[in-house]
Structures are given as C-alpha cells and as structure tokens.
Amino acid sequence: MIEVYRIFQLIFGVIVSFFILYFLIQYTSNYAGFQGNVLKTDILKSFRDEVSDVYTTGVYTNFTLFSRYDFSSCAINTTVHGVPEIVCDFAVSGIPITTPLLLCPGKRVFLWRDSVDLGWYKLFYVQAVPDMTLIFVPMDDSDEVWNLMRTLVSHLPDTSDPRITVNIKYDFCDGEPLKVCGGSSCEKEDFLKVIENVRAPSLRKCEHLPQRGRVITFSKSCESFEGICIEPPLMSGVGNAYISGTRRVFVYKDPIDLIALIIGYTKKDVFGITRAERVFDYKNKFFSEMISKAARISSERMKLIENFVPGQDECEANPGLKNCYCKDVYRELSDVLHTVSQIADSDYNSFQDMVKLSETLSHANELYQVLIERGCEYEV
Amino acid sequence: MRFKSQSNLMEYLLLIFFVVFIIVALILFITWWQVTQLGMKKSQEIEDRALSLTKEILINGFFVKEESVFDDGKLTAANTTIKCEELKHILGEGWFMKIKTLDESVIPCNEDNYPDCNYWEFCVQDNPASIYAIPVNIYRRVQDRYDLGVLYVGVYYEKT
Amino acid sequence: MKRHKAQTSAILIILVIVIFIGVAVTLLQLAKTVSKEEYINLYTGNLLRSVLKTDTGHTQPECRKVSDLLACAFFTPTYRCSPEEPPCLELANETITNYMSKFDMIRKNFNYLFKVESEGFIAATDSGIIDIKIGDERLDIRRGDSLCRKQRCWTANDVIQRTDNGEQYILKVQLIISKR
C-alpha cells in the first residue's frame, strides 16, 4: 500500500513541475517573437554601421546578414524634423541613418562609395546593391545617349574583385541579351571598353531577360518599354525618365538621379509605390539639402577670403604676388553659390527649376576651376 | 513513527521551498541581467555613435579640405551661416563638435576676427556627454599654412 | 538519514545561489567596451599624419613641414634651417617633443616613440645603421626588452618621400604609443 507521504510527494512534485513548465513556456514564446524583431533591428543597426565604415573609409565590402530574414520591405525615408530613417514593415519605428545611402535590399548586398563632384564640393554617398545584371537598350546611337551610358556605368559598382560575392554585370540587348564579353555579360571595366569601341543602336525591345536583369532603355520617345526608360537630355543636361508601372515623369539633372532609379527599379511596395520612386525622392530631398547647406557655407567662405586676396591694381603693381586675379572671381562665385543654396532644394519635379539649378551648378564649377588654375583654390 | 513522518514532511517542504526560492531568484536574476544589459547597451550605443560621428565629420565636405584637414574658412563660414538646428537634419540630434589649434589661447572665430582666431564650436550645451578627441590639421587659407589642432566630438547622454 | 540528506541538499542549494551571484559579478566585470581599441587606432593614425603635415613656420623647403624637418634630420642632421636655430636633428627632436607634450595634456598617460628609418635602401655611417628615435625608446618593438612585449602598444605608419639629385628616397615613419 502506498504511503500518504508518497502521495503528497507526487502531488507536490506535479504542482511544482506545472509551475516551472508554465513559466518557461510563456516566457519562451513571448521571448521568441520579441527576439525575432530584436535580431532584425540588430541586423539593421549592423548594416548601418557597415555603411558608415564604407562611407568614411571608401573601402567596399559585402553585407550578407540580410539573408537571415526578409528585409525586402526596407527603404529609406526622409523625415520632416530629423535625419532620414531606414523603415521596414516589421519595425514600429525607423533606424536613423545620417550616411547618404541609395539602398536596394537583397539576400546579399555590395556596399561601395561613390561621389557627386560639383567642383567646389564633393558629396560622398554609399550604394547598397544586390546581385543584378544591367541590360542597356540604346534605341539610338547619338552622342548624348552614348555619353550618358558611359557616365552612368562609371557611377555603378565594379564587382570584378574575386573577394566580392555579389555580382553586378552589364550587357547590351537587341531582342535578346547580346552577351558582348566573350559570350557572357560584362564586368564594369570591360563594358566601358565596349561602349568606347562599339556604337550600334538596338532595334528591338529586350526579351528573355537573365535572372535579376534590369532593363534600361534609352529612347527619344518612351512609349512602351519595360523597366526604366531614359530620354536623352533636352537642355543643360536635364531630361526625363520613366519607370514601367507608374505614370510619373522623373526629371533628372545629374547621373545620380538615374542611378537612384536604376537601384530602386520597379518593385512595388504594399501601397503600389515603386522602389525607384522612393529612392529617387530620398536622393533629391536629402542630397539637395546637403548641397544647399554646402553652397551656403562655401558662399560665405568665398566672401571671407575675398577680403584677403589682392585686387587687380595690386597684382599689376606686384606681378609675383600670390592669389592674383582672383578677387572678382571670388565675389562672383560667392553670388552664384548663394543662388545655388536658394534653388538647390526647389521642386525637383519641375523641369524648368532643374534646368536653372543645373546651369547654376555648372557656372559655379567653371568659376571654381578658374580659381584652381590661378592657384587660389585647391581641388576637393 | 508519526513524528518521523512529520519530520520528513517538514524537511521535504523546506526543500521545496528552497527549490522555489531558486526559481524565483533565477527569474529575478535574468530580469536584472536584461535591465543591466539594456543600460550598458544604451551607453555602448552612445559611445559607438560618438565614434561614428567623429569619423564622418573627419571627411565632411562642409568643414574639411581633405580627410582630417579642416579648412578654417569653411569652419568660420559654417559657424556664422548654419544654425545647429539645420545641422541636426544632416548629422542627427544630441551631438556637439569643437575644434581648436594647439595654442593655449582660445579665440572663437567669427567673420570679424577671421583669420586671427583659433576656435570653433557647434551645438555645444552644458550636459554630460561621451567625447572623443582626435588630432587634426587646420588649413589656414589666408596664410596658406597647416596648423596642428584637436577635434572634439561628443554625443550627449540625455537627448535635449 | 533522510534528515541528513535534506540538510545536505539545503546546503547544496545555498552553494548554487552563491555560485550564481559570483558568475554574475564576474560576467559584469568582463563586459568592457571594445570600441576603445578602434578609437585609439584612429587617434594614433591621425596623430602621426597630422604632426607630419604641420607647417613648422620655416620657409625653406627643407624645413617647411615636420615631415621635411624629419627628412632633413635623417639626411643632413647638421643643416640649419636658419642661423639662430639648432641643427635639423635637434630641431626635429624639439619640435616633436613640444607637440607631443601638448597632446599629452589632452590625452593623458600615454608614452610615445617616433621612429624614422630608411625604406628600400640602407642608410649607414661608420657607427651603424641610421635611424631617428624621438621619445621613449623602450617602446621600440625591435628591442628584446621592448615594453610592447609586456603591454599593449598601438602603431601607425606613414612614409616621407624625398628627392635628392634625381634619386627618390623613401623614409618610413612609425609612431608607437602605449599607456604609461
């Protein structure tokens, strides 16, 4: 016959076990869900730190932690009162990011630093791009189109280094991808050589795209196309571009506007907005703000320095003086940069405004080059 | 026999009490560990941000001629034309920056005393912060000369 | 017997609790920041580059920047940048010591060693291979009794190029710092 004491032990043991198990299960299930989001946020923060390193050092790298979870919904949004943020569907709030970044998430992304050189100011930014093949379809063989292609490719990544696990390739297409580099698509430098040596327009739209192919068509009239269609620049380097799936007209004034569209491409979010639109809007809002402030600082700097360089009369009297024949240029450049600071963040969807901005930036660059030639300024 | 059973029961209860006590202690320990970790993580994040900001400022075209070489004209111009609120849109909130040559005197720069000055500051407040000091050069545009200086970049512990 | 067994269990349980607390305290002490390493590397690199780039105030090309002064000290140690000044070697020593003492006020308790050696060619006199050392020579990694064998040292490297009679010479400059 079993003892009462034994029964007591059994019952007590069951109660205690139940208590322990109940707590463990509840804690684990809450923690697991919570931990998933914590890990995703940690990965995004790690990504942000990696981007910052690439930005400050200029050394390119791979980032592969995105393969652990689904980050395809992530994009960068500008905010009204603060710095831009990386926002994703799974996160309640965004991760602030001060580094200028054009982002297209993928299982693995290549991070490298590019720059916008305005002469008097160089704006560095980072590109985060996944595996892709860029298919160029030039429907005409004019100088503008060929120059534009060359400029675009020069601002896109080079993944020929065997240590880079991400592949970004380039190719032409005429009905079918042409595989112009020994029967396959090209690395960046090889493609640039092809652009230098071959000039022939495509006659047909592109079909049978490779996996992760992105089509970039150059045509005077973008009526029916797939992917991105770029019209040659109409005036002062400013032109229109289009994305399939949206009627919006994108006004481009520099190659980075087009790079933003290429990196974003056609994938739509839950609201039906293409990633290209989001990257383009971010680029124009954030980069323009930086250029506007840089122009304001430089304008004031030119005014300060103008007071300390010799005037025309002094220079003629003492030919060996330093900083000669620069006073008037400093004054004019200060005024031009002041104009730049005022119009840099004007409506980037307005063709006329962008023509004015492009011409003013060009003028500022020319004046700055004059100062460099006369030994009054340094190359940035 | 009865007393022996009661004694066994008491010992058993005492044992169970200790087991439950350990479980509760474990729960409290884990909770306390998490809270401490969060606090340390926050402190670590502030330090990491300060270092990251330092590296970004060392190449920021608003202030520098080239990496780690600040342009005194740009610094003075930025000081006089750009407000701290505007810099927050680019570099975030809760930070400050000071830059000074190695001279003993401190002469804050403005458009009136440029270039005979040696100190610039941005977004400085009287709050505790995590601060990094880095040796830099300051290019004196008017004299065409490179001076030695120090850059201080800090992130405040409390957001203001 | 059962009473003794229960008492043993109770003691064991208390021991477990004490071990827990001990582990927690140890783990907390181990959780130090790692970003200090990155900062000191950045500091050391910038200190070397900034000092080398600084203008000394002299106008002759041989003495214009600290890097020029070090090259002068290496190749022509007795050359005088101006009649009132000491020879290059002494002037380089004074200049660098002066700058480093100012930085010592900012970043306290650090020893330093500036070392200049030839790269790609051998510079020698009758008394041996030429190199310049300014600062605490115990930090020299080449020494058998180097302090860097016992404690953590941070190093930054740079080069100075100098052209002499059409020939190009490269000098390697190394800055080693360590906590006092």
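Key figures for this structure:
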read-out: 5 angstrom amide H check on B:Val136, placed H, neighbours 5+ away; value: B:Gly149, B:Val150, B:Leu151
read-out: Trypsin sites (Lys or Arg not before Pro) restricted to segment B:127-160 and DSSP loop, no more than 14 other C-beta within 10 Å; value: B:Lys159
read-out: Folded to 0 to 90 degrees: helix C:88-106 orientation relative to chain C principal axis, Cα; value: 30 degrees
read-out: For the protein assembly as shown, convex hull volume per residue from C-alpha positions, Å³; value: 257 Å³
read-out: In segment A:138-230, the GluC sites (Glu not before Pro) that fall in loop regions by DSSP, at most 12 other Cβ within 10 Å; value: A:Glu207, A:Glu223
read-out: Two-decimal Rg/Rh across chain C, once Rg and the Kirkwood Rh are taken from alpha-carbon atoms; value: 1.33
read-out: Cβ neighbours within 10 Å from other chains - mean over B:81-88; value: 3
read-out: Span-like helix ranges in chain A, DSSP H, alpha carbon extent 30 angstrom or more, Kyte mean at least 0.5; value: A:4-57
read-out: Cleavage-rule hits (chymotrypsin sites (Phe, Trp or Tyr not before Pro)) in segment A:294-341: DSSP loop, at most 11 neighbouring Cβ within 10 angstrom; value: none
read-out: Partnerless cysteines, meaning none of the other Cys C-beta atoms lie under 4.7 Å away, in chain A; value: A:Cys104
read-out: C-alpha long axis of helix B:2-57 to longest principal axis of chain B, angle in °; value: 10 degrees
read-out: Burial ranking of peptide ranges A:254-261, A:228-235, A:343-350 (average Cβ count within 10 Å, highest at the top); value: A:254-261, A:228-235, A:343-350
read-out: Cross-link partners of A:Lys205 among lysines (Cα-Cα below 22 Å; sequence separation of 8 or more within a chain); value: A:Lys169, A:Lys179, A:Lys220, A:Lys267
read-out: Exceeding the 32 Å Cα-Cα cut-off - candidates A:Lys188/A:Lys268; B:Lys55/C:Lys179; A:Lys40/B:Lys74; A:Lys107/A:Lys356; A:Lys45/A:Lys303; value: A:Lys40/B:Lys74; A:Lys107/A:Lys356; A:Lys45/A:Lys303
read-out: Crossing angle, helix C:66-75 versus chain C [Cα axis fit, 0-90 degrees, rounded to tens]; value: 70 degrees
read-out: Average beta carbon contacts from partner chains per residue of A:300-307, 10 Å cutoff; value: 6
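Bear in mind that the values in this text are calculations on the coordinates, not laboratory data. In this text, all values refer to a predicted model and were calculated from it rather than measured experimentally. Don't worry about glycine lacking a Cβ; one is built from the backbone with ideal geometry, like all the others, and counts go over all protein chains shown.
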